[in-house]
Amino acid sequence: MSFDLIPKKRLGLYVHIPFCLSKCAYCDFNSAVPENDEFMGRYVSAVITHMNNYRDAAKEYEVDTVFIGGGTPTALPKAELIRLIKAIKKTFNLTRYAEFTVEANPATVTLPLLKQLRRIGVNRLSFGMQSANNRELKALSRRHTRQEFIESYRLARRAGFDNINVDVMFGIPYQTFDSLMKTLDFVTRLSPEHISMYNLKIEPGTPFYKNLKAVREVCADEDTEYAMYTEAIEFLERRGYPQYEISNFARHGFPCIHNLKYWNCEEYLGFGVSAHSYFNGNRFSFISDVKKYMEALEDIETDIPLTDEFDPVESRERMGEYIMLRMRLVDGLDPRAFAAKFGVSFEETYGAKLKKYLQGGFMVRYNNGCYALTPGGMFVSNYILSDILEFDDLCSYSGSF
Amino acid sequence: MSEFIDKQKKIRNFSIIAHIDHGKSTLADRILEFSDTVAKRDMEEQLLDNMDLERERGITIKARAVRIDYTAPDGEEYILNLIDTPGHVDFNYEVSRSLNACEGALLVVDSTQGIEAQTLANAYLAVDSNLEIVPVVNKIDLPSADPDKVRTEIEDVIGIPAEGCPAVSAKTGLNIQDVMDAIVRDVPAPTGDPDAPLKCLIFDSVYNSYLGVVVYIRVMDGTLRAGDKIKLMSTGAEFETVEVGVLDPFGLRSTGVLSAGEVGYVTASIKSIGDTQVGDTVTHAERPADEALPGFKQVQSMVYAGIYPADGSKYNETKDALEKLRLNDAAFTFEPETSIALGFGFRCGFLGLLHMEIIEERLEREFNLDLITTAPSVIYKIVKTNGETVDVDNPTNYPSPDEIDEALEPMVAASIITPTDYVGGLMDLCQDRRGVFIDMKYLDTTRVELHYKLPLNEIIYDFFDALKSRSRGYASLDYELEGYETSDLVKLDFLLNGEIVDALTFIVHREKAYARARKIAEKLKENIPRQLFEIPIQAAIGSKVIARETVKAMRKDVLAKCYGGDITRKKKLLEKQKEGKKKMRQLGSVEVSPEAFMAVLKLGDE
């Protein structure tokens, strides 16, 4: 037995399952209702091949987080999901206590499935509940009801999951300030370890977008959303779920380690269509077309490119990214860590602009010296970040010279 | 000599005058088709209107002239000089100079509309210039045409015989021969002594980068040859002529000589169009005329506005563009100015609102510039308590009330012709714009001519649009400057977040201040995007706030989800936002997009 004195580099893994039983009205993620089980099996095989291709590149790393998302991973035939998970464990060096999350939609899980997932190493479930109000759920075209969610959640607990996230949305059709608070009350009474609360953004290409005017009419206005957001932060804190990121809340010791990698500029590899990676100083993503993705991996001779975007992150840009991402966190940005990382002073570089946000109550400087956005600041963080950051911080110059 | 007299007898110098859209340019095209030099297939529609903008707007901005060699049906050969006139009230003076170069004018009247304000104004100008007026009733192809009624109207209202005058369709070409016959028969041949001291009337000039200024002239007396030394009588400036010639439909044709009665051009390596002012007299340096031709006036800007590049770094481009436009437009003036809100720009002077719009549009189109134009202003004359009188063309420079002894504003005599149905609404409009009713004349049973005295500053905003909307487009307007009058004026400032935005300041009559302040404050509120801080908007006279609005603070601008580690997307979003921000104008501590700024300045119908 030998000890590595130098700890191995850590890596997060993401696998995208682009299948759903039906498409929700607000969703612009890469997902579709699959043709049949065989088709999904083919996709899983392609992902496994793809992961194998990166086996050597990832040899130096130990994987401490895995996140299987979608789409709806639990829409896969049970055997295929199990096959995928086993392949992940076989291909990469998972640490013993790796956080292993699978997204699940209420009403797509059974006790045997959950039990088996738990048995083979999945230790975190993420439920897309969105709302505890049936009218709101229907407007989102979700397939489950409040009652079905409760049942699925109980099954997960019975199967032994002791780390569960519940997704909640606000700003959705028919939701009022009070109905959101009722949903939050409902969720916190169930006592999950983690709650994500996302603001609805109507994206182009979604059914909501096509009926933008009508949808907006039944959604809360900006001022109400602001009240929902800031009040929810306080409410969840009182219930034992302090906020740690713009949209994330967790009981003590249960933030999502995988998501934190995104905000901490740590490395992760994403497999499957439209999956994003940050690896070896490059950000890249894979193509979004499921059929092409499979063909590219099934045929070695193929000339179908798998990579969609490829973006080497320049050092200056990395600095902008760092700020952009750290500022999503309640812990904020530590100017000492910043100086150590980039060799320049955060305050000197951005001080003049920080001042007005500090004075305006959008940002705070903690006693420990870290800078962070207040809840109100988080809710206008695009505005603040696009003001603070310079173009050089944001743009990549690769290819333009 | 008799040879000369024979030649002079065959010349016809004439203009076409009309109300806008009555078909002046189309008729000009039909007449041109009778020229031996223009084959029909070469005809581009409305050949005389050279600028794209003119063709699109269907109006003539700059006067142009053309010589037509015409063979009458009886075989006689004539030289017809058609001098086109700008068809808008802003260019009254230029019209009058063009008319002075002629012996006759075709007065085109739309047979479906009848006489309009500019028909009358132009007809009076022509009468003042002792022109023979040949009425032409146009658009008889239209079902609603009533040529006989319009003929009667011309006789009753203008007092010139119109019975049997040509009734044509310039569009279809119907009866154009009648017009040609009338020109030859009714327009007198020019007179003038080719041996007398030289007197040429300048009626237009254009800048050409090869020839310098090309001066369009009508020789009244004497003979001008290439190589002659000439003198401009208003300034005494002397030049040596390089080229002398006539104006063919497709350009300049050098002839080396022009004599009394002829219309043509002269070049003399003149660098600046400012040296060749419309209405000035060209004479020989060595044998000058005793006196200049009458009627010369220095062109004066009546309306002023600040023009700023929307992108501050485009200052030099803007300056170059203004200089180029100025080369061809002596009536347009500009000088640098700075605004706290808008940075470096120019205070520009225009003949009127249309002139201003045209310059703006040409700057944007021909020079590809994004501009911010401040609200137009007139020149106020302020008698200060220390006895000094100052002209104020920029509201920002308006003195404080305790320094003002008396404030005067320019007035105009306005004439409005409208169907009787709209008289009530238009009188309300004039009343509302501080108009003083002078009189009202019935042109016939259905139409009325209204005379009002109005402050110019009430006209330059949106009067014309309001006039049109209250009369369903039927009313027409003409006005003439009529001196200055004492007025109770105040300076109205706008404050964003407590800071005055100088570019929004304007001068308004005290009684109108409240309504205007409220209106603009509302518009500002609509057009300023929510920002992180609440933005108070205030309108103030001195330190007294008279209107107030608030732009609520922006509450939400967040990307809640960064799914699957898609950082690139978030970065792109911020980049886009950053780019949008770059275009914003900082007004005080408030960001306003140039578009929003313009929307505020364009008041719209009140």
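Compare the peptides A:153-166, B:6-19 by average per-residue count of other Cβ atoms within 10 angstrom and give them in order, highest first.
B:6-19, A:153-166
So which residues in the stretch A:205-241 end up with at least 30 square angstrom less accessible surface once the other protein chains are there, compared with the chain by itself, probe 1.4 angstrom?
Buried by 30 Å² or more upon assembly, which counts only protein chains, are A:Glu222, A:Asp223, A:Tyr226.
Nearest 500 deg cm²/dmol is fine: what mean residue ellipticity at 222 nm does the protein assembly as shown get from its DSSP H runs of n ≥ 4 alone, each adding -39,500 (n - 2.57), divided by its residue count?
-9500 deg cm²/dmol
Given the Cα-Cα distance of B:Glu482 and B:Arg510 and 0.36 nm per residue of separation, how much length would full extension add, in nm?
7.9 nm is the gain from fully extending B:Glu482 to B:Arg510.
Taking N as the number of residues in the stretch B:247-295, what value does Rg over Cα atoms divided by 2.2 N^0.38 Å take?
Rg over 2.2 N^0.38 Å, computed on Cα atoms: 1.31.
Which value, in debye to the nearest 20, describes the size of the charge dipole of the stretch A:3-262 about its Cα centre when Lys and Arg Cβ atoms bear +1, Asp and Glu Cβ atoms bear -1, and nothing else is charged?
Computed about the Cα centre, the dipole is about 1080 debye.
Got a sec? Charge dipole of the protein assembly as shown, +1 on Cβ for Lys and Arg, -1 for Asp and Glu; which of A:Leu11, B:Gln577, B:Leu120 is way out at the positive end?
A:Leu11
Give me Rg/Rg_expected for the stretch B:383-454, where Rg uses Cα atoms only and Rg_expected = 2.2 N^0.38 Å with N residues.
1.60
Mind jotting down the distance between the C-alpha centroids of the stretch B:513-538 and the stretch A:1-76, whole Å?
52 Å
On average, how much accessible surface per residue is there in the stretch A:331-401, in Å², for a 1.4 Å probe, leaving out ligands, DNA and RNA?
Here the residues of the stretch A:331-401 average 46 Å² of exposed surface.
Measure off 7 Å from each Cα along the Cα-to-Cβ vector at A:Ser288 and B:Gln298, then give the distance between these two points in nanometres to one decimal.
For A:Ser288 paired with B:Gln298, the spin-label model returns 6.7 nm.
Can you find, among B:Ile140, B:Tyr93, B:Pro594, the residue sitting farthest towards the positive end of the charge dipole of chain B, where Lys and Arg contribute +1 and Asp and Glu -1 at Cβ?
Working it through, the farthest residue towards the positive pole turns out to be B:Pro594.
Determine the per residue accessible area of the stretch B:489-580 with all protein chains present and a 1.4 angstrom probe, expressed in square angstrom.
42 Å²
Given labels modelled 7 Å from the Cα in the Cβ direction, how far is it in nm from B:Glu33 to B:Thr338?
5.9 nm
What whole-number volume per residue, in cubic angstrom, does the convex hull of the C-alpha atoms of chain B give?
Convex hull of Cα atoms, per residue: 190 Å³.
Relative contact order (percent) for the stretch A:331-401, with alpha-carbon contacts under 8 angstrom and 6 or more residues of separation?
For the stretch A:331-401, the relative contact order is 28 percent.
Name the long-range amide H neighbours of A:Phe67: under 5 Å, sequence gap of 5 or more, or other chain; modelled H, no Pro or chain starts.
Amide H neighbours of A:Phe67, under 5 Å, 5+ apart: A:Leu13, A:Tyr14, A:Val15, A:Thr101.
Given a Förster radius of 41 Å and the C-beta distance between A:Asp162 and A:Phe342 as r, what FRET efficiency does 1/(1 + (r/R0)^6) yield to the nearest 0.05?
0.55
Return one whole number: the accessible area per residue of the stretch A:3-262 in Å², for a 1.4 Å probe.
43 Å²
If you count, for every residue in B:548-559, the Cβ atoms of partner chains within 10 Å of its Cβ, what is the mean?
Mean number of neighbouring Cβ atoms from other chains: 6.
Given the convex hull over the Cα atoms of chain A, what projected area results after averaging over all orientations, in nm²?
That works out to 21.9 nm², a quarter of the Cα hull's surface.
How many angstrom separate the Cα center of the stretch B:373-439 from the Cα center of the stretch A:320-388?
For the stretch B:373-439 versus the stretch A:320-388, the Cα centre distance is 54 Å.
Can you work out ³J(HN,Hα) from phi for every residue in the stretch A:112-119, in order, using Karplus 6.51 cos²θ - 1.76 cosθ + 1.60 and θ = phi - 60°, giving whole Hz and x for Gly and Pro?
x, 4, 4, 4, 5, 4, 4, 5
Can you report the principal axis dimensions of the stretch A:331-401 using only the alpha carbons, biggest first, rounded to whole angstrom?
42, 27, 20 Å, listed from the longest principal axis down.
Spin-label point model (7 Å from Cα, Cβ direction): what's the A:Arg135 to A:Arg96 distance in nm?
Taking the two extended label points, one gets 5.3 nm.
For the protein assembly as shown, with equal point scatterers placed on the C-alpha atoms only and solvent neglected, what are the log10 I(q)/I(0) values from the Debye formula at q = 0.05, 0.06, 0.10 1/Å, to two decimals?
-0.51, -0.67, -1.10
Give the separation of the Cα centroids, the stretch B:161-217 to the stretch A:156-205, in Å.
Using only Cα atoms, the two centres lie 83 Å from each other.
What FRET efficiency comes out for the pair A:Lys115/B:Lys576, r = Cβ-Cβ distance, R0 = 30 Å, nearest 0.05?
Plugging the Cβ-Cβ distance into 1/(1 + (r/R0)^6) gives 0.05.
For the stretch A:1-152, calculate the relative contact order in percent as a whole number, restricting contacts to Cα pairs under 8 Å that are 6 or more residues apart.
Relative contact order here is 25 percent.
Report the relative contact order of chain B, percent, no decimals, based on alpha-carbon pairs under 8 angstrom and at least 6 residues apart.
About 9 percent, as a whole number.
May I ask for the Rg/Rh ratio of the stretch B:276-373, computed from Cα atoms with Rh as the Kirkwood radius, given to two decimals?
1.12
Ignoring ligands, DNA and RNA, please state the percent of accessible area on the protein assembly as shown from carbon and sulfur, probe 1.4 Å.
48 percent
Summarise the partner chain shielding of B:573-586 as one whole number: the mean count of Cβ atoms from other chains within 10 Å of each residue's Cβ.
4
What's the average, rounded to a whole number, of partner chain beta-carbon atoms within 10 Å of each residue's beta-carbon in A:378-384?
Partner Cβ neighbours, averaged per residue: 6.
Considering the stretch B:337-487, what Rg and Dmax in Å follow from its alpha-carbon atoms?
Using the Cα atoms of the stretch B:337-487, the pair Rg, Dmax is 18.2, 55 Å.
Interface size between chain B and chain A, please: total buried accessible area, 1.4 Å probe, rounded to the nearest 100 Å².
4000 Å²
Around B:Asp421, with a cut-off of 13 angstrom between Cβ atoms, what is the net charge of the other residues, counting Lys and Arg +1 and Asp and Glu -1?
+3
The values are calculated or read from the model by the stated rules, or taken from the named source; none is laboratory data. Just so it is clear, the model here is predicted, and its values are computed rather than measured. Reconstructed Cβ throughout: ideal geometry from the backbone, glycine too, with neighbour counts over all protein chains shown. The protein model used for the area step is the full one, side chains on, heavy atoms only, and it has no ligands, DNA or RNA in it. Shrake-Rupley method; radii C 1.70, N 1.55, O 1.52, S 1.80 Å.
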